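The values are calculated or read from the model by the stated rules, or taken from the named source; none is laboratory data. Given the structure is predicted, the values throughout are model-derived calculations rather than measurements. We place every Cβ from the backbone using ideal geometry, glycine too, and count neighbours over all the protein chains shown.
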There are 2 protein chains.
Amino acid sequence: MVAAICLSCKNESSTKPETALAGKVWEVNALPSWADTPANRIKSWVQLVTDTSSPDFIPVADRIAVFDNDGTLWPEQPVPNQAAFAFSNLRALAPKHPEWQKDPVLNGILKGDLDPMEKAGAKGLLKVLNASHTGQTEEAFNTAVSNWIDTAKDAKFNRLYKEVIYQPMVELLDYLRANGFKTFIVSGGGADFMRVWTEEAYGIAPYEVIGSYGQAKYEVVDGKPVITKIPGEFYNDDKAGKPVAIHRFIGKVPVFCGGNSDGDQAMMQYTSGSKYKSMCMILHHTDSSREYAYDVKTVSGHLETALAEAKEKNWMVVDMKKDFKKIFDFK
Amino acid sequence: MVAAICLSCKNESSTKPETALAGKVWEVNALPSWADTPANRIKSWVQLVTDTSSPDFIPVADRIAVFDNDGTLWPEQPVPNQAAFAFSNLRALAPKHPEWQKDPVLNGILKGDLDPMEKAGAKGLLKVLNASHTGQTEEAFNTAVSNWIDTAKDAKFNRLYKEVIYQPMVELLDYLRANGFKTFIVSGGGADFMRVWTEEAYGIAPYEVIGSYGQAKYEVVDGKPVITKIPGEFYNDDKAGKPVAIHRFIGKVPVFCGGNSDGDQAMMQYTSGSKYKSMCMILHHTDSSREYAYDVKTVSGHLETALAEAKEKNWMVVDMKKDFKKIFDFK
């Protein structure tokens, strides 16, 4: 029944169920892994903005929903998962790069010692990402990510990384799409890294994924067109970079924004500035037994000023321990 | 009937009509403004790649079609339409910029003399675009484009610019979408300029429009989030910049590419390099009475090396005089 309703939702004129019964069908089974209070808050907003008779109605073309990825759709502890991919790829590429042994950060990774990278802070991680990503062709990089995502496991949960995704958020993505929203990822993670697997994991196509990105060049090599990642300016899709990237890639102000850190604060403000009645949501990681508990004391996903602004602006703060009945599909 | 078929086409399992009759319905009324030979060539390719039993079948997720805009979806003579918008906007902004009077190119435009700009070549046009676009907020710029596109007329055809679009190409966009393709614009024109009106004109949403773009900044001014166009590096979405932008914005190699100039050659090569059986198409402007006739002798839309490569690679060359029964909806 839900599928049938979803199809009609794409047609603006039929977003509002015609009968009370249809209205009930429309909501059946939506957001089952959410506690009632946050689920009802989301549903109330969706019903309000998809009701053609409401003054807060949002036309389908303007139903743009954006989501952070690390810490919002999947975990980002103890380090963002892309770092685990980068370490793995660095080891695979190392035989061709003897010069890496002279670099304390890179040599540390190759020997399994993360200390030098961690001491170097954000610059250390960026160095590892650059070394493991730059110089590769589009095809080689996609294959490397694809092989990794199909085999690599999260150590804490002993599951493939692509399975360790927040089930309530997957339900939310589905629910929004069923109501005519377009869902986009707007993440500090690398766009090229995410695009390989987001369709399978979240139903989000490569062209709906916005992330950090570096430079690339196009050339024809032996008659074959090739895109290669090259050194150069890096676009950091974080903080103020997120609304600018939304402007650059989507060209519309979102009406829904989900995030979990101060890095998402600017895109929440931008969403709040929409001419429509928008909704913003912050995941607060509070569950140390089922997942992780962190906010101000973490390198990845620092949450402090965004939480303060959430109170001022009535953004929904999701207490993962209390508000998620289930965190993962397997748990 | 066609609409009903279109809906089902989005579902991969039903892209192939189940019966011979359905197969005929599927094709009825498709591409009516095209001559039979090019129409049949397009239809044959679409049928081949959407037939699940064909070795050339392309899954829906990989049906990416890219189109240039100026000269491919609408005219680009005597100058690209965005220049007409820029002239109009320059005049509107001039009172706040007395310094423009000292610049021969900008002062020329304000006085209605295009000679200094034309003598300065591509740099002259870029200067006009920069002066008329930079420093504006996202909202102000969108409003300026919106007002212009709703009122400004093409001098040759005495119609709104947004009506002077190639009817056969609109039919092709519809036909491809009805068969499960995602249609994107990949143009040298400004993304922000196009996004305001492409949905109405072509059914292409803002987030399906890739174009040239400059820098922007995000800030909160008087409690209101604002994106402003600022000076800085300019991404030129032309020639080798097109496949790089496709990589950056779409993240998949296209399987269909439509263009009309040497600026589109690199994205045609890139499309030809797809692992699937792809199709490339070049519009050759050959109709001086119904539109314009040009190829090697023009500033906008120079066509020479791409035509040579089309012969080598069997890209479809559309002779607009012969192959378009109708060029515009009104003509």
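Candidates A:V105, A:V66: the one that is hydrophobic (A, V, I, L, M, F, W, C) and in the same structural domain as A:D287 (by TED's automatic domain parsing) is A:V66. Applying the criterion of being out of contact with any helix residue (DSSP H, G or I) (no Cβ under 6 Å at 6 or more places or on another chain) and of a type in the set (D, E) to the residues of the stretch A:275-303, the residue that is farthest from A:P254 (Cα to Cα) is A:E291. Restricting attention to the stretch A:77-97, does a residue exist that is small (G, A, S), in contact with an Asp or Glu (Cβ under 7 Å, 6 or more places away or on another chain) and not assigned by TED's automatic domain parsing to the domain that holds A:S272? No, because not a single residue in the stretch A:77-97 is small (G, A, S), in contact with an Asp or Glu (Cβ under 7 Å, 6 or more places away or on another chain) and not assigned by TED's automatic domain parsing to the domain that holds A:S272. For the stretch B:119-138: of the residues being without any contact (Cβ under 8 Å) to a residue 60 or more places away in the chain and surrounded by 13 or more Cβ atoms within 10 Å (Cβ to Cβ), which is farthest from the other protein chains (Cβ to nearest Cβ)? Filtering the stretch B:119-138 for residues that are without any contact (Cβ under 8 Å) to a residue 60 or more places away in the chain and surrounded by 13 or more Cβ atoms within 10 Å (Cβ to Cβ), the one farthest from the other protein chains (Cβ to nearest Cβ) comes out as B:A120. B:G232 passes every criterion in (1) free of Cβ contacts under 8 Å to residues at least 60 places away in the same chain; (2) over 14 Å from the mean Cα position of the chain (by Cα); (3) facing chain A (nearest Cβ under 9 Å) apart from (3). Residues that are under 28 Å from A:G124 (Cα atoms) and touching a Ser or Thr at 6+ places or on another chain (Cβ under 6 Å) were ranked within the stretch A:266-301; the one that is surrounded by the fewest Cβ atoms within 10 Å (Cβ to Cβ) is A:A293. Would you point out which residue out of B:V209, B:V226 is closer than 24 Å to B:Y166 by Cβ and at the interface with chain A (Cβ under 10 Å from one of its Cβ atoms)? B:V209 is the lone residue from the list that is closer than 24 Å to B:Y166 by Cβ and at the interface with chain A (Cβ under 10 Å from one of its Cβ atoms). The condition of being touching a helix residue (DSSP H, G or I) at 6+ places or on another chain (Cβ under 6 Å), among the small types (G, A, S) and modelled with pLDDT of 95 or more does not hold for B:A245. Selection within the stretch A:150-203: residues that are surrounded by fewer than 17 Cβ atoms within 10 Å (Cβ to Cβ), within 14 Å of chain B (Cβ to nearest Cβ) and assigned to a helix (DSSP H, G or I). The member of this set that is farthest from the chain's Cα centre (by Cα) is A:E200. Would you be able to say whether some residue in the stretch A:256-278 is touching an Asp or Glu at 6+ places or on another chain (Cβ under 7 Å) and either free of Cβ contacts under 8 Å to residues at least 12 places away in the same chain or aliphatic (A, V, I, L, M) (or both)? No, the stretch A:256-278 contains no residue that is touching an Asp or Glu at 6+ places or on another chain (Cβ under 7 Å) and either free of Cβ contacts under 8 Å to residues at least 12 places away in the same chain or aliphatic (A, V, I, L, M) (or both).
Considering the conditions (1) touching an Asp or Glu at 6+ places or on another chain (Cβ under 8 Å); (2) in the same structural domain as A:L129 (by TED's automatic domain parsing); (3) polar (S, T, N, Q), A:S146 is excluded by exactly one of them, (1).
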